[in-house]
1. Calculated from DSSP H runs of 4 or more alone, at -39500 (n - 2.57) each and per residue, what is the 222 nm mean residue ellipticity of the chain, nearest 500?
2. Quick check: convex hull of the Cα atoms in segment 29-97, volume per residue, rounded to a whole Å³?
3. Helix 84-96 against the longest principal axis of the chain: what's the angle in degrees, Cα atoms only, rounded to the nearest 10?
4. With 10 Å bins from zero, work out the P(r) of segment 129-186 over every alpha carbon pair and list the percent per bin.
5. What is the order of Phe193, Phe140, fewest Cβ neighbours within 10 Å to most?
6. What residue among Arg126, Arg71, Arg23 has the largest mean-square fluctuation in a Gaussian network model of the chain, using Cα springs under 10 Å?
7. For segment 5-46, divide the Cα radius of gyration by the Kirkwood radius and give the resulting Rg/Rh value with two decimals.
8. Could you tell me the convex hull volume per residue, in Å³, taken over the Cα atoms of segment 1-141?
Amino acid sequence: MAHILSFPSLPQAQRLRDLAGMREDINQALKYIGAVEQQIAANLRDLVAWEGLTSAAAILYARCFTRSKARFSLPKNTLGAASTELQDTHNYLLAVRNKHIAHSENTYEHNYLVVQLALVDGRPVRVEDARVESRRLIGFSDADIPKLRGLFEWMEQRLTAMYEEERVMVLEALARVSLEQLAVHRAEPQYLFVSPDAHITTRPR
């Protein structure tokens, strides 16, 4: 039997598309955690890569729970059936993302003034220089990595279940559309982010 692909713009499928985007976020976050796990296995700590990978993973995960103009967000009770440990990891991750990674609202960094004094005969006589030295706490440690993996894997399974439930409803909606109408949507749609009217609202392009 021959097949054709159809790309209809079905309003009832918006939630299904959003869930697919969230699942992609979680899968990418798992890849970042995998790269961190490789560092642990090799007993290597590239702190720049470690902070970048764990921060990116936290941001991707948090996107699923952040209100957006682009897609719906998961409700706060999504982890209601999860274990206490997973819920604690979820809350900690969102706190690190909200109060350290995305916004400076917590004491994850310390910037202190260092003054260099000139001494004569052991006594200070003038200020020669002043600078600020910074210390930053990386939000996720070795012990957090398996907890993050467990959280992300649980969320991936939950999103997959939600996706499949939504897909059933989309198939029911498609059953009410004529096959001829579906068959005319043969051209793959242009990516929205490369369309001529695409824009970033926070800055001009």
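Values in this text are rule-based calculations from the coordinates and carry no lab data. Computed from a predicted structure; not experimentally measured. Cβ placement follows ideal geometry from the backbone for every residue including glycine, while neighbour counts extend to all protein chains displayed.
1. It comes out at -15500 deg cm²/dmol, rounded to the nearest 500.
2. Given the Cα convex hull of segment 29-97, per-residue volume reads 104 Å³.
3. 60 degrees
4. 16, 20, 18, 16, 14, 9, 5, 2
5. Fewest-to-most Cβ neighbours within 10 Å comes out as Phe193, Phe140.
6. Residue with maximal mean-square fluctuation among Arg126, Arg71, Arg23: Arg126.
7. Ratio of gyration radius to Kirkwood radius: 1.34.
8. Given the Cα convex hull of segment 1-141, per-residue volume reads 242 Å³.
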